[in-house]
Structures are given as structure tokens and as C-alpha cells.
1. Taking the alpha-carbon centroid of each part, what is the distance from the stretch B:25-64 to the stretch B:112-182 in angstrom?
2. Using a 1.4 Å probe on the protein heavy atoms only, what accessible surface does B:SER84 show? Give it in Å² to the nearest 10.
3. Would you mind giving the total buried accessible surface between chains A and B, with a 1.4 Å probe and ligands, DNA and RNA left out, rounded to the nearest 100 Å²?
4. Return one number: the angle in degrees, 0 to 90 and rounded to the nearest 10, between the long axis of the Cα atoms of helix B:114-144 and the longest principal axis of the Cα atoms of chain B.
5. Rounded to two decimals, what is Rg over Rh for the protein assembly as shown when you use alpha-carbon atoms and the Kirkwood radius?
6. For peptide B:235-248, what's the mean number of Cβ atoms from other chains within 10 Å of each residue's Cβ?
7. Could you sort A:VAL65, A:VAL81 by accessible area so the largest value comes first, with the probe set to 1.4 Å?
8. Give the residues of the stretch B:205-230 whose amide nitrogen is closer than 14 Å to a point set 7 Å from the Cα of A:HIS18 in the direction of its Cβ.
Amino acid sequence: MSEYHDAANVVNPEHADHHIVTPLTYCIVFGTLLVFTGITVGAAFIDLGIFNPVVALAIACFKAVIVILFFMHVKYQSKLVKMTVGAGFFTFLVLVTMTLTDYMSRAWGLW
Amino acid sequence: MDNAIVATHPHTHETAVAVEHEHAALPQHRHHFETEQQQREAGTFGMWLFLLTEIMFFGGLFFSYLLYRNWYHDAFVVASNQLSIPLGATNTAILIGSGFFMALGVWAAEVRKKGLLVLFLIITTVLGLAFLGIKYDEYHEKWEKHHIPGAHFDVSEFVNPHAYGINEQPLAPDMAQKTQVFFSLYFAMTGMHALHMIIGIVLLCWLTYRAHRGDFSSGYVAPIENFGLYWHFVDIVWLFLFPLLYLINRHPGS
């Protein structure tokens, strides 16, 4: 940063300094992912009724989020990149919700 | 005195970064970017836009799975229980390991350790191939049992499970046919995932060659970093495929 004189801050408005994630962080994330893989397999053999898929998906979402934040460095990125990632998943959820409302309402009351 | 001029005309490229133009063009700083950070940010942004299209692509498949699983729930439960949890869990661990070494590879490139980078990329590739090997074994079993959808599909294990020593409720013949829908989605989803991995492994070989040549050991890490994003994305798809295809039907509950 400091090698440029950039008083109006046009070059790097967010001061997004480049961050190198350490191997220790990666090791912790790796361990967490393996532990939660074990948990999700174990949970599959316990009868939780309708919560079996819910628990499995919640664990999958948690694992995905820590992969995105740490392995994919989103935690250390600029707001632009964070917004881009968030907007993508949000749009996906909107599409799923709208398509589901369509399918569910077609046979309304007939099930 | 220079400072005053720059402060008044902050957008004047020539004054703001005049020094830069004396450099030879670096791959991490092409001349149309103001700074290395800006080029890097632009690259990351572009890579994420590509990954968003991939989310939508796989999202369509996940949605089909959600819908058909609700429509043909009984068929999906027994067909899903045909899959091997030990193989699926092993593959999950292998793929997480592959992603871990890819992340370490990005670190090695950032701290400019060429030997470690090449090593980590090779481990990533080997683990990716191990995943595909196990996947091949699973596909082969489905082939032998005639569980590939189509003219030769065999429903006998679903119509009469007890004769095969399978502890499931027998399905009526019409519902048993719907197990083909499960296996179609199973092959479509894991197949597209495997195709992404094959493309990734080809790219990994090319990146390993370039890393060995020393392309990524002098501050130019964008190809490694952006490939890492792709590889982790493929991991994430599997993190959802594994519970949805293998796990959630063991105790159907309702």
C-alpha cells in the first residue's frame, strides 16, 4: 500500500491487505471437517424421524460454510467478493423457493 | 511537491503509478491494472462469478432430487439404501484431505516454497484419483446388479427384498420402477461431480508442471489460488451429495 501515494484512495478503497492463511488454520479446519463427517455418519444411524435429513443438511451446510470461509479465503476477502458469494447463494435459495411453491401449489389439497 | 499534484488529480493514472511503468510486465501485475491487489481482486471476483454459475448448474440437479424424493419417497429410500456408507464416508474423507492439501498448496505458493507446492499439488492429485477409483468401484457394483437405469434395469431386489437378504419393505412393481429415477439422479449428480474432478485433475497436472518450472514461486499465485477455489467448490458439492444420496434414508421416519 504505502509504496503508492494514493491520498484519494482510489487504488484500494477497502484497504484489503493480502492475507496469507496459515497452515495451522488449515489443519484446524481439516480436523473439524473430519469430525463433522463422523458425526453426520453417526447421526444417520440414529432414528430422529423427520429430523434425520434436517440434521444431515445442517451439518453439510456448516461444513460448506467453513470450507468457503477458510479454504476459499472468503473471510479475508473484500466486501465485493463477500457480497458476490452471498448474492449467489441467496439467488439460489430464491430460485428453489419459487420453484417449490409452484410444484406444491399445483396439487393443492389433493395429497 | 509531487504530492500536491497527485492529490489534486487522483485519477490520473500516469502520475499515480508512474514508477510502475518502468518495470517489466509481471504476470501478477499486467499493465491494465493499477496494482497487484487490484488484479488479484479482479481475478478472484471473476472466478467467483464462474463458481456461481456452477452453483446454479448443480442446484438444478439438487432441486430435481428434492422434488422426486418427495414424489417417489419409498422408492428413493430403498434405492438409496443400496449405496455403501463406508465407501461414501471414505470418499468424503479422501476428498476433504484433497481439499486440505490444495489449501496448503496455495499457502506454499504464497510463501514461495516451490518444492512444497509441487508436493502438495501431487498429493491433491493422488487423493483425487483415489476418490475416482472408489467411485469406479461403486459404479461397477451398480453395473453388475443391473441398477443402471434403462432397458436392462432389474427391479427384483426392490420387489422382493427378503429373497436377497435385504431388510426393506417390498415395493409394488410400479413404485419399484421409480427406483430408476433415483439411480438416474444418482448417476447424473455423482457423474457430473466426477466429470468436474476429472477436469480438475487434468488442470492439476498442468499446474504441477508449471509449478515445477517455477512459474508460481515468485509472487504469481493467481492460477493456484483460483484453481483452489474450483477444487474446493467441487468438494462442497460432494459434502451435500454424500448426506443426500447415502445417509438421509437409513431411518425413513415418516
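1. The stretch B:25-64 and the stretch B:112-182 have Cα centres spaced 33 Å from each other.
2. We get 40 Å² for B:SER84.
3. 4900 Å²
4. Orientation of helix B:114-144: about 20 degrees from the principal axis.
5. Details: Rg = 24.6 Å, Rh = 23.0 Å.
That ratio equals 1.07.
6. Mean inter-chain Cβ contacts per residue within 10 Å come to 6.
7. Listed by decreasing accessible area, they come as A:VAL65, A:VAL81.
8. Only B:216-226 fall inside the zone, counting backbone N under 14 Å.
The values are calculated or read from the model by the stated rules, or taken from the named source; none is laboratory data. Note that the coordinates shown come from a computational prediction; the quantities given were computed from them, not determined experimentally. Cβ: placed from backbone, ideal geometry, glycine included. Neighbour counts: every protein chain shown. Protein only, heavy atoms only, side chains kept; ligands, DNA and RNA dropped before computing areas. Shrake-Rupley method; radii C 1.70, N 1.55, O 1.52, S 1.80 Å.
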